[in-house]
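Student: Once you've had a glance at the structure underneath, I'll fire off some questions.
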Ligand SMILES: [Zn+2]
C-alpha cells in the first residue's frame, strides 16, 4: 500500500479513556471502542444490566460505529461479580467473532481464564490484553496463543515486572497505551524505546503495521483521515482508540454524559 509508506507514521494509542486527548490541537484520528467492563457489575450486578449493555453494544456493532470491543475481561479483585464478568466476556467473544472486531481485554489475575476461553473459542479476531504487566512466563503463554499485549503506565515504575519482560514480547505482538494515566502517548513510546533499545521512529513503524494487520480497521479510510490531518498540521499525528469511562454513554456521541 504505497499511500501508507508515503505518509507520516502516526503514534497509536491502543487504549485510552482520556477525553482530553480530543481537545488538543494536535492532529488526532479518534476511533471509538465500546465494551462491558468487568467493574461495571460492581454497581449493577443484575443480569438485566448485562442484557441491556449487550443490546447497546450489538447496536453499535450493527451500525459499524466502533473499531474494537473493549474493554471486557476478568478482574479477580472483584470476586463477587466473577460469574457475571465471565458471562459478559464470553458474550463479547461471540460478538467479536460475529462482527469481526478485535477484543481489548482487562486482566487482573485472569490469565488462566483468558487462555482457557481462547482455547475454547479459537477466535479468528485479535485479542489484546491492555495494561499488561506480567512476567516472561506469562508473556510466553499468551504469545503462544497469539494474544497481543499492550503496555503503558507500568513502564514508568522501576519495580514492575514489565521492565524485565518487555524485551520478551515480539514487536508484532506489542502495543502501547495511555489508559487512565497522565502520560502522553509520545512519552510512552519514548520510554518503551529506551527499554527496548530501539528508536521511537522504528517503534512507530512497527506498531502502525501491526495495527493495520491485526486491528484490521478499514486501513484505507484511516489513511485518508490522516492525510487530511497532516495537511492541517505538521506535528506527528496520533490514532487513539477511545474506550468509555464508567457512567458514560457513547450512543449520543457524548462520552461525559452520565446515564448509570
Ligand atoms: Zn482501560
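Student: In this structure, does residue 207 turn out to be in contact (Cβ under 8 Å) with a residue 24 or more places away in the chain, more than 16 Å from the ligand (Cβ to nearest atom) and over 22 Å from residue 136 (Cβ atoms)? Can you show your working first?
Tutor: On the way: in contact (Cβ under 8 Å) with a residue 24 or more places away in the chain: yes; more than 16 Å from the ligand (Cβ to nearest atom): yes; over 22 Å from residue 136 (Cβ atoms): no.
Taking the combined requirement at face value, the residue does not satisfy it.
Student: Suppose the filter is in contact with a helix residue (DSSP H, G or I) (Cβ under 9 Å, 6 or more places away or on another chain) and within 21 Å of residue 241 (Cβ to Cβ); does residue 68 pass it? Break it down into steps so the answer makes sense when it comes.
Tutor: Numbers: in contact with a helix residue (DSSP H, G or I) (Cβ under 9 Å, 6 or more places away or on another chain): yes; within 21 Å of residue 241 (Cβ to Cβ): yes.
Yes, satisfied.
Student: Would you point out which residue out of 107, 133, 164 is away from the ligand (no atom under 16 Å from the Cβ), in contact with a helix residue (DSSP H, G or I) (Cβ under 9 Å, 6 or more places away or on another chain) and at negative phi?
Tutor: Exactly one of 107, 133, 164 is away from the ligand (no atom under 16 Å from the Cβ), in contact with a helix residue (DSSP H, G or I) (Cβ under 9 Å, 6 or more places away or on another chain) and at negative phi, namely 164.
Student: Within segment 169-207, can you find the residues that are more than 20 Å from the chain's Cα centre (by Cα) and farther than 21 Å from residue 28 by Cα?
Tutor: Of everything in segment 169-207, those that are more than 20 Å from the chain's Cα centre (by Cα) and farther than 21 Å from residue 28 by Cα turn out to be 194, 195, 196, 197, 198, 199.
Student: Moving to a separate point now. Go through 114, 128 for me and flag whichever is assigned to a helix (DSSP H, G or I), within 17 Å of the chain's Cα centre (by Cα) and either within 16 Å of the ligand (Cβ to nearest atom) or surrounded by 20 or more Cβ atoms within 10 Å (Cβ to Cβ) (or both).
Tutor: 114
Student: Does residue 22 count as under 20 Å from the mean Cα position of the chain (by Cα), more than 23 Å from residue 123 (Cβ to Cβ), exposed (fewer than 14 other Cβ atoms within 10 Å of the Cβ) and modelled with pLDDT under 95? So that I can check it myself, show each step before the final result.
Tutor: Details: under 20 Å from the mean Cα position of the chain (by Cα): yes; more than 23 Å from residue 123 (Cβ to Cβ): yes; exposed (fewer than 14 other Cβ atoms within 10 Å of the Cβ): yes; modelled with pLDDT under 95: yes.
So residue 22 fits the description; yes.
Student: Here is a follow-up. For residues that are within 22 Å of residue 16 (Cα to Cα) and in a helix (DSSP H, G or I), tally how many sit in segment 62-93.
Tutor: Residues meeting the conditions: 5.
Student: Give the residues of segment 144-154 that are surrounded by fewer than 22 Cβ atoms within 10 Å (Cβ to Cβ) and closer than 17 Å to residue 192 by Cβ, sorted by residue number.
Tutor: Hits for segment 144-154 are 153, 154.
Student: Could you give me the residue pairs with C-beta distances under 7 Å whose first residue belongs to segment 178-202 and is within 16 Å of the ligand (Cβ to nearest atom), whose second residue is part of a helix (DSSP H, G or I) wherever it lies, and which are 6+ apart or on separate chains?
Tutor: 178/185; 178/188; 179/153; 181/153; 183/153; 183/156; 188/155
Student: Let me ask you something else. Could you tell me which numbered condition residue 63 fails, if it satisfies all but one of (1) modelled with pLDDT of 95 or more; (2) more than 16 Å from residue 38 (Cα to Cα)?
Tutor: In the conditions (1) modelled with pLDDT of 95 or more; (2) more than 16 Å from residue 38 (Cα to Cα), residue 63 misses (1) alone.
The values are calculated or read from the model by the stated rules, or taken from the named source; none is laboratory data. None of these values were measured; they are calculated from a predicted model. Note: ideal-geometry Cβ built from the backbone for every residue, glycine included; neighbour counts use all protein chains shown.
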